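One structure below.
The values are calculated or read from the model by the stated rules, or taken from the named source; none is laboratory data. Model, not experiment: these values are computed from the prediction. Glycine gets a Cβ as well: all are built from the backbone with ideal geometry, and neighbour counts include every protein chain shown.
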There are 2 protein chains.
Amino acid sequence: MTTTRAEAAATEGREAAALLERTRSTVDPQLRTCVESLPGSLRRIALYHFGWERADGTPATGQAGKAIRPALVLAAAQALGGDPGRAVRAAAAVELAHNFTLLHDDVIDEDPTRRNRPTAWTVFGVPAAIVTGDAMCALALRMLAEDPHPAAARASARLAACVVELCAGQQSDCEFERRGPLDVSLEECLAMAEAKTGALLGCACALGALYAGAEEDEVAAMDAFGREAGLAFQLIDDLIGIWGDPSHTGKPAGADLVAHKKSLPVVAALTSGTEAAAELAALYAGPLDGAAVRRAADAVDRAGGRDWAQGHAADRMATAVQHLARAVPDLGAAGDLLSLAEFVTRRTR
Amino acid sequence: MTTTRAEAAATEGREAAALLERTRSTVDPQLRTCVESLPGSLRRIALYHFGWERADGTPATGQAGKAIRPALVLAAAQALGGDPGRAVRAAAAVELAHNFTLLHDDVIDEDPTRRNRPTAWTVFGVPAAIVTGDAMCALALRMLAEDPHPAAARASARLAACVVELCAGQQSDCEFERRGPLDVSLEECLAMAEAKTGALLGCACALGALYAGAEEDEVAAMDAFGREAGLAFQLIDDLIGIWGDPSHTGKPAGADLVAHKKSLPVVAALTSGTEAAAELAALYAGPLDGAAVRRAADAVDRAGGRDWAQGHAADRMATAVQHLARAVPDLGAAGDLLSLAEFVTRRTR
């Protein structure tokens with residue numbers, strides 16, 4: 001009996017989903033204890049953001065995100081022969097740092113909803129969301145700095161450096177928004193995506209490696225794996241931002257186009273020199289409503305932005321696996337990492 | 001020949017001023033190298049904030065603040081027999097963390113000027129100021145995490161914990177602004193000031209102690225010294241916010257009253273149960289212009305808020321010195337720390 005590619009993908013998807021579920025059950029208690037240590041109303045705002053409390057402070061069942069980053073920490077530790085159980089604090093710290101950026105990004109982008117709930121700034125105000133994000137960032141770095149694990153100090157320095165890179169990525173993103181449709185190169189856009197998304201996925205893998213006691217070259221290879229997989233992830237996310245099913249994404253159709261986002265497929269299309277590129281640039285010059293959104297999505301497709309993004313995502317994943325093979329020569333030991341990478345780059349929601 | 005108290009104070013003031021000047025010349029190069037390591041436009045925004053560049057990116061002579069916190073780090077290290085030269089990185093990290101809070105506080109309070117220049121958010125926008133502050137916070141913690149000094153990891157954890165406390169203080173401050181004039185107790189207000197101001201001055205002293213290789217009880221005593229001195233500092237600052245000379249403060253007369261701030265002397269007055277308290281509460285219910293500001297300042301005075309703040313500042317300083325004597329039994333070795341504490345609580349601008 002042979003399995004089809006679709007069946008294999010479905011199996012892998014189920015495996016990754018189970019892995020993420022296990023990660024949440026392992027990491028969430030540590031993460032929650034940490035969040036609950038926040039003083040005063042910072043605690044309440046953070047618990048709301050994670051979905052563990054409603055705005056009125058009553059308990060909620062919560063949906064605190066997919067836990068991809070903490071899963072990468074644990075899987076990277078395991079792939080290098082470490083004990084994932086000893087890396088739970090690092091996994092929680094990475095997830096906390098990720099959520100600090102979400103809190104601030106929502107303020108900066110004025111996003112009204114996150115995970116199908118009103119964003120924290122809409123409920124508690126902009127100052128409260130800024131300050132709670134600040135506290136979560138410091139708390140993440142504190143968790144690592146206080147961890148007695150011998151790799152903790154290096155991990156803390158690495159996460160701090162990563163936060164600086166995330167900030168640079170977010171800053172570039174804001175700057176690009178203000179530029180004209182043809183004034184952002186694909187190269188700039190890729191560098192921005194690497195800083196904004198790739199860096200933290202790379203850091204998650206690097207922290208797992210550090211906690212497994214890996215050598216610096218293995219840590220660097222793990223970081224590169226996470227970065228490349230992160231860029232593939234971003235490309236797929238950008239495709240979903242244009243063609244994702246609203247019933248799955250919880251966002252209106254073509255949400256990124258409505259917001260005039262210069263996402264990777266859009267910039268690839270705009271810089272393609274095609275007739276469709278000029279059409280897209282003209283559409284991006286005005287407001288984008290229902291019919292115009294469909295025309296813009298079609299122009300991205302005809303200008304080759306969709307194909308390029310899919311192809312480039314595949315290229316990045318291939319490069320990611322090459323880096324992974326440097327860190328873990330027997331890829332059989334890196335099954336969980338590969339499942340996660342496949343999962344985030346195949347999901348269609 | 002005897003010197004008068006005024007002469008002694010003037011001498012002490014000159015000593016402290018010389019000490020701050022020396023601190024700047026020692027710490028600024030390290031701080032600047034660190035700030036210049038920030039990627040992309042984060043670097044430019046941070047250099048502007050520190051007064052090292054103008055908004056157009058041309059060099060400026062700069063006035064990057066009084067350097068009280070880094071001076072406390074170096075003086076604490078010296079008082080405990082450490083080499084201040086080895087604590088320069090810790091001093092720069094504390095100053096960087098302080099400036100991260102200033103950047104975000106200016107956004108939150110919508111302050112248009114800082115150090116007689118337009119605030120960063122008015123020049124570069126709110127998103128840029130938020131993200132640059134985030135990067136500066138992470139960079140401060142990274143500096144410590146990467147420092148090879150044996151105390152660096154503990155120092156990094158301590159600074160991260162301090163940032164969480166600063167955030168809690170800022171959050172309380174924002175919450176108090178929204179409450180009615182009689183709905184904030186003096187106790188709550190003191191706890192807020194300890195978190196918002198005392199914590200970082202305490203942390204600066206604690207980091208100096210850690211870098212001198214001090215034991216945990218000495219570190220704790222140094223922290224307590226800085227906290228108490230910090231609270232005295234805040235009380236004096238609050239008095240200046242009401243009675244400071246505009247030609248010295250660079251702010252309009254009674255600036256804190258105009259802004260309806262619930263500063264410590266104001267809350268002491270409001271909660272005094274006096275006739276002047278009721279008068280002040282009535283004034284705080286409406287807009288405060290020229291004549292009303294003078295009446296409000298007079299009401300704070302008659303309600304005892306001014307005397308209480310001066311007396312309480314003196315009490316806190318006395319407590320601070322007791323804590324200092326626990327860490328440094330021969331107070332002669334702590335001359336710089338005492339000069340700094342006297343300086344910040346005697347300044348009349």
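A few points about this structure:
- Some residue of region B:140-149 being at positive phi, in contact (Cβ under 8 Å) with a residue 12 or more places away in the chain and out of contact with any Leu (no Cβ under 8 Å at 6 or more places or on another chain): no
- Candidate set from region B:304-323 (those that are of a type in the set (D, E, K, R) and in contact (Cβ under 8 Å) with a residue 12 or more places away in the chain); member that is nearest to B:Gly273 (Cα to Cα): B:Arg306
- Filter result for the condition that a residue is crowded, with 23+ Cβ neighbours inside 10 Å, within 18 Å of A:Gly62 (Cα to Cα), within 13 Å of chain B (Cβ to nearest Cβ) and modelled with pLDDT of 95 or more, over A:Leu144, A:Leu103: A:Leu103
- Only residues that are touching a residue at least 60 places away in the same chain (Cβ under 8 Å), assigned to a helix (DSSP H, G or I) and within 14 Å of chain B (Cβ to nearest Cβ) were counted in region A:9-41, giving 3.
- Any hit, region B:286-296, residues being among the hydrophobic types (A, V, I, L, M, F, W, C) and within 18 Å of B:Ser185 (Cα to Cα): no
- Residue match in region B:50-59 (condition: part of a helix (DSSP H, G or I) and either under 19 Å from B:Arg142 (Cα atoms) or of a type in the set (A, V, I, L, M, F, W, C) (or both)): no
- Cβ pairs under 9 Å, 6+ apart, first in region B:124-136 and more than 11 Å from B:Phe100 (Cβ to Cβ) and facing another protein chain (nearest Cβ under 8 Å), second part of a helix (DSSP H, G or I) and hydroxyl-bearing (Ser, Thr, Tyr): B:Ala128/B:Ser41
- From the list A:His98, A:His149, the lone residue that is surrounded by fewer than 21 Cβ atoms within 10 Å (Cβ to Cβ) and either within 14 Å of chain B (Cβ to nearest Cβ) or closer than 30 Å to A:Glu15 by Cα (or both) is A:His149.
- Boolean, B:Ala168 is at the interface with another protein chain (Cβ under 9 Å from one of its Cβ atoms) and under 19 Å from the mean Cα position of the chain (by Cα): yes
- Counted residues, region B:122-141 - those being within 12 Å of A:Cys167 (Cβ to Cβ) and out of contact with any Pro (no Cβ under 9 Å at 6 or more places or on another chain): 12
- Taken over region B:211-242, the residue count meeting the criterion of being over 16 Å from B:Leu72 (Cβ atoms) and buried (at least 23 other Cβ atoms within 10 Å of the Cβ) is 3.
- Every residue from region B:169-188 that is touching a Leu at 6+ places or on another chain (Cβ under 9 Å) and either surrounded by fewer than 24 Cβ atoms within 10 Å (Cβ to Cβ) or farther than 24 Å from A:Ala129 by Cβ (or both): B:Pro181, B:Leu182, B:Val184, B:Leu186
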